[in-house]
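**Q** Below is one structure. I have some questions about it.
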Amino acid sequence: MIVNGKEELVMDIARRFEANPLLSTGSLSPAIEGMEIACILNPGVFRFDGKTWLVLRVAERPVQKEDTVSFPVYDENGRIKVMSFSKDNPDLDMSDPRVISYKGQNYLTTLSYFRLVSSTDGVHFSEDPAFPPVFGQGPLESFGIEDCRVAAMPDGYWLTFTEVSPVAVGVGLMHTSDWKRFDRYGMIFPPHNKDCALFEERINGKYYAFHRPSSPELGGNYIWLAESPDRFHWGGHKCVATTRPGRWDSVRVGAGAPPVRTDAGWLEIYHGADETNRYCLGALLLDPDDPSEVIARSEEPVMEPTAPYEQEGFFGNVVFSSGQVVDGDELTIYYGASDQVICGAGFSIREILDTLL
C-alpha cells in the first residue's frame, strides 16, 4: 500500500470485526443541552456484571454556525458556558480541528466526558440510564476529561485519565466498585502528562504504571514507567520507550491498555504516530519481574489505519486503543478510529509475541 507517498509493506495482523464500526457519533444522543456530538473516541474497557463495558470518551460542542466557531468550557462555578468567535477574527488560529488559539490562549474545540455502554456479546453495545455520564469536576478539568484506562484489581476498578484545563494536561485517578459512585483523587502525574495505564497486579509488592510526560525542548513524547506503594504516590521513574526517527512511531508514543502478563513477560500494546499524525499500534514486551527492562519491541505495527473508517473522519488515519479484554490467547481490543467511530479487533497473543521474538 501507499503510505506518505511511498509504497510500504503492511504487517497488520489485526482481525477486524465484521460489524465495524460498532458505534459512531450518531449512536448516542448529546448529554449536554444545546450540544452536538462531534467525536466519539477510544474507550477504556472492563468486564462487570457478566458484560463487556466501554468507557467512551464523548466530545461535544455547540451546533456550529457558518461564520462563527463556538466551543464549550466549564466556568469557575462548574457550569458549562459557550465561547464564540467570528471566523474572520485575526486573533483566531483554527489550523488544528482539535485546538483553537485566541490571543495566545489555547482552547479545545470540544468538551469531553465519559459515557458507559455495555454488551452481552462484545459487539452490540447499548447505554443503560442507571449508569449516568461522568463529567469533569474542578478547575483542573475545566476543559474536560479524556482517554480513560481501566485497571481491574481485587479492590475494584481504578481509572486513569487525562485532566485538561487552561493551565495543565495531567493524569487523574478515580476508583469505583459499582460504576455509579466514584472516589476522585485528583492529579497523580503533573503536567504535561497523559497516556497513563496501571498494571493490574503488583510486582514484588509494588504498583506500576506507564505514563507519558512531554519534554519538547530536551527529550520528547516517550513512554515512562513509575512505581508506587499505594497508587497515589509515584516515583522511581524510568524511560522505557522513545520515538524512533524515520519510523512509524517517530513523533510520539504512548501506552494503551493495562499490560497483559504472558509466559514471555508483560505485553503492552502501544500507539505510535509519525510526522503526518498517522497513528498505528505496536507492541512492547517487558521483563516479568522488572518491567523497566524491555525485552523486545515491534519493528513494524501490528495494526495500521487501512480500513476506510480508519482513514477518513474528524481526524483521519488513526487507530488508537486504550482498552482490551483477554480470553486465553485471544486479545480483543476496542479502539477509536479517526475520532468518529469505535471498532473492535482480535489478536492472537502468541502471534504478537512471535512478531517480537
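**Q** Could you tell me what percent of the accessible area of the chain is made up of carbon and sulfur, with a 1.4 Å probe and every protein chain present?
**A** Reported share for carbon and sulfur atoms: 48 percent.
**Q** Would you mind computing, in nm to one decimal, how far apart the modelled labels at Leu218 and Ile295 are, each placed 7 Å from Cα along Cα→Cβ?
**A** Distance between label points: 3.5 nm.
**Q** Also: Which order, highest average first, do 82-91, 331-340, 217-226 follow once you tally other Cβ atoms within 10 Å for each residue and take the mean per peptide?
**A** Packing proxy ranking, top to bottom: 331-340, 217-226, 82-91.
**Q** Determine the relative contact order of region 97-225: mean sequence separation of Cα pairs under 8 Å and six or more apart, normalised by residue count, in whole percent.
**A** Value for region 97-225: 15 percent.
**Q** Continuing with this model, one more query. Of (i) 71, 47, 36; (ii) 66, 43, 42; (iii) 56, 49, 45, which is the value of Cα extents along the principal axes in Å derived from the coordinates here?
**A** It is the value labelled (iii).
**Q** Further question: List, in order, the whole-Hz ³J(HN,Hα) value for each residue of region 319-333 obtained from phi through the Karplus relation with A = 6.51, B = -1.76, C = 1.60 and θ = phi - 60°; use x for Gly and Pro.
**A** The phi angles translate into 10, 8, 10, 9, x, 7, 10, 10, 10, x, 7, 8, 10, 10, 9 Hz.
**Q** I'd like to compare 131-137, 252-258, 351-357: which one has the highest average count of other Cβ atoms within 10 Å, and what's the full order after that?
**A** My ranking of the peptides, most packed first, is 252-258, 131-137, 351-357.
**Q** Between Ala273, Ala130, Ala197, where does the largest GNM mean-square fluctuation fall for the chain, given springs only between Cα atoms within less than 10 Å?
**A** Maximum among the listed residues: Ala130.
**Q** Also, quick follow-up: Rank by packing, highest mean first: peptides 53-61, 170-178, with packing defined as the count of other Cβ atoms within 10 Å averaged across residues.
**A** Descending packing order for the listed peptides: 53-61, 170-178.
**Q** Counting heavy atoms of the protein chains only and a 1.4 Å probe, report the per residue accessible area for region 1-100 as a whole number of Å². Present the calculation step by step, with values, prior to reporting the outcome.
**A** Details: 5580 Å² over 100 residues.
So region 1-100 comes to 56 Å² accessible per residue, rounded to a whole number.
**Q** With a ≥ b ≥ c the root eigenvalues of the C-alpha gyration tensor of region 1-119, is it rounded (a/c under 1.5), prolate (a/b larger than b/c) or oblate?
**A** oblate
**Q** If you don't mind, another one. For region 209-352, with every protein chain kept in place, what is the accessible area per residue (1.4 Å probe, Å²)?
**A** I get 34 Å² per residue for region 209-352.
**Q** Hey, what number do you get for the chain at 222 nm if only DSSP H runs of n ≥ 4 count, each worth -39500 (n - 2.57), divided across all residues, to the nearest 500? Present the calculation step by step, with values, prior to reporting the outcome.
**A** Working: 2 runs with 12 residues, N = 357.
Rounded to the nearest 500, the figure is -1000 deg cm²/dmol.
**Q** Here's something else I'd like to know. Would you mind telling me which residue in Met11, Met187, Met35 has the biggest mean-square fluctuation in a Gaussian network model of the chain, where springs connect alpha carbons within a distance under 10 angstrom?
**A** Met11
**Q** Rounded, prolate or oblate for region 74-132? Axes are the square roots of the Cα gyration tensor eigenvalues, ordered a ≥ b ≥ c, and the cut-off for rounded is a/c under 1.5.
**A** Verdict is prolate for region 74-132.
**Q** With a/c under 1.5 counting as rounded, go ahead and sort region 189-270 into rounded, prolate or oblate using the C-alpha gyration tensor (a ≥ b ≥ c being the square roots of the eigenvalues; past the cut-off, prolate if a/b is larger than b/c, else oblate).
**A** Details: a/c = 2.41, a/b = 1.34, b/c = 1.80.
Since a/c reaches 1.5 but b/c is at least a/b, the shape of region 189-270 is classed as oblate.
**Q** Ordered by residue, what ³J(HN,Hα) values in Hz, to whole numbers, does region 272-281 give under the Karplus form 6.51 cos²θ - 1.76 cosθ + 1.60, where θ = phi - 60° and Gly and Pro are x?
**A** After applying 6.51 cos²θ - 1.76 cosθ + 1.60, I find x, 10, 10, 5, 9, 6, 8, 9, 10, 10 Hz.
The values are calculated or read from the model by the stated rules, or taken from the named source; none is laboratory data. All values derive from a computational prediction rather than experimental measurement. Because the Cβ atoms are built from the backbone with ideal geometry, glycine has one as well, and the counts that use them run over all protein chains shown. Side chains are part of the model used for accessible areas, which takes the heavy atoms of the whole protein and leaves out ligands, DNA and RNA. Shrake-Rupley method; radii C 1.70, N 1.55, O 1.52, S 1.80 Å.
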